[in-house]
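Here the structure comes first, spelled out in structure tokens, and everything after it is commentary.
Just so it is clear, none of the values below were taken in a lab; they were calculated from the coordinates. Computed from a predicted model, the values in this text were never measured in an experiment. Here the Cβ positions follow ideal geometry from the backbone for every residue, glycine too, while neighbour counts run over all protein chains shown.
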Amino acid sequence: MASMALAPAWKQMSWFYYQYLLLMALYVLEPWEWTVFNSMLASVVGMALYTGYVFMWQHIMAILHYFEIVR
């Protein structure tokens, strides 16, 4: 029963995966190149998320101080 409920989600995720492969042209790369590309992409996304998490509050507070919403 649970597998029937997850079938549409699985189909949607596989569609996103195929779009990722086509958009990034990963289907023409060799397996080691594909691994290097995905590792670099994951590290860049991870660093961007970490930086946003760490520094976003400082930027929000600076904006609020600038518009004198918070003193």
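Of the residues W15, W34, the single one that is in contact with a helix residue (DSSP H, G or I) (Cβ under 9 Å, 6 or more places away or on another chain) and not in a loop (DSSP other than H, G, I, E, B) is W34.
Quick check on I69: is it of a type in the set (V, I, T) and part of a helix (DSSP H, G or I)?
Details: of a type in the set (V, I, T): yes; part of a helix (DSSP H, G or I): no.
It is false that I69 is of a type in the set (V, I, T) and part of a helix (DSSP H, G or I).
Yes/no per residue for (1) loosely packed, with under 10 Cβ neighbours inside 10 Å; (2) touching a Leu at 6+ places or on another chain (Cβ under 7 Å); (3) among the polar types (S, T, N, Q); (4) in contact (Cβ under 8 Å) with a residue 60 or more places away in the chain:
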site: S3; (1), (2), (3), (4): yes, no, yes, no
site: A9; (1), (2), (3), (4): yes, no, no, no
site: W15; (1), (2), (3), (4): no, no, no, no
site: L23; (1), (2), (3), (4): yes, no, no, no
site: W34; (1), (2), (3), (4): no, yes, no, no
site: S39; (1), (2), (3), (4): no, no, yes, no
site: S43; (1), (2), (3), (4): no, no, yes, no
site: M61; (1), (2), (3), (4): no, no, no, no
site: Y66; (1), (2), (3), (4): yes, no, no, no
